[in-house]
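Here is the structure we will look at, set down as structure tokens.
The numbers here are math on the coordinates, done by the rules we state, and not lab data. What you see is a predicted model; the values in this text were computed from it and never measured. Here Cβ is always computed from backbone atoms with ideal geometry, including for glycine, and neighbour counts include all displayed protein chains.
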Amino acid sequence: MDSRAFTKLTEFLEKVPAVTGEIAHGSEESESWWVKFTIDTTHHLAWNTIQELGHVLNYLLLDERLPTSFYPVSPPPYMNGGPEEFLSWVIECENMDFRPGTCAEWLEGRMPRPVDEISEWEIE
């Protein structure tokens with residue numbers, strides 16, 4: 001998959017509170033694609049960000065789920081250190097027909113809007 005296919009999703013994730021650093025992406029031939037990024041665990045909206053992404057990407061539709069998975073990944077903590085430095089998050093998709101840009105549209109339509117407006121994330 002061409003790198004440009006990830007532009008819309010990458011640009012969206014860059015605006016999400018608590019998402020920091022470089023956003024990596026790739027695909028496994030013609031079978032799956034993935035995006036990997038870091039969430040600042042000290043950010044006051046870190047768990048809100050994880051909850052929102054987990055809801056849309058893993059459980060939005062109970063009877064017809066999106067072909068995506070959102071989960072943490074880490075090298076062995078005993079060899080490297082804690083989550084502040086070595087915990088990453090992955091969005092993975094096993095269906096090449098569900099493109100990264102389509103994933104961005106699903107997130108944009110269901111997460112707080114505008115996504116980079118902190119006040120929209122405040123839960124009362």
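Once you have the alpha carbon radius of gyration of the chain, what is it after dividing by 2.2 N^0.38 Å, with N set to its residue count?
Working: Rg = 14.4 Å, N = 124, 2.2 N^0.38 = 13.7 Å.
Taking N as the residue count of the chain, the ratio is 1.05.
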Legend entry - Relative contact order, percent, the chain [alpha-carbon distance under 8 Å, six or more residues apart]: 30 percent
Inset, instruction - Based on the mean of other Cβ atoms within 10 Å per residue, sort peptides 107-118, 6-17 so the most packed one is first. - result: 6-17, 107-118
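Can you tell me the order of 48-59, 25-36 when each peptide is scored by its average per-residue count of other Cβ atoms within 10 angstrom, highest first? Walk me through the intermediate numbers first.
On the way: 48-59: 17.1, 25-36: 15.0.
Ranked by mean Cβ neighbours within 10 Å, highest first: 48-59, 25-36.
Assign unit charges at the C-beta atoms only (+1 for Lys and Arg, -1 for Asp and Glu), then state the dipole size of region 3-121 relative to its Cα centre in Debye, rounded to the nearest 20. Mind dumping the intermediate values first?
Values: 8 positive and 20 negative charges, 20 e Å.
Here the size comes out at about 100 debye.
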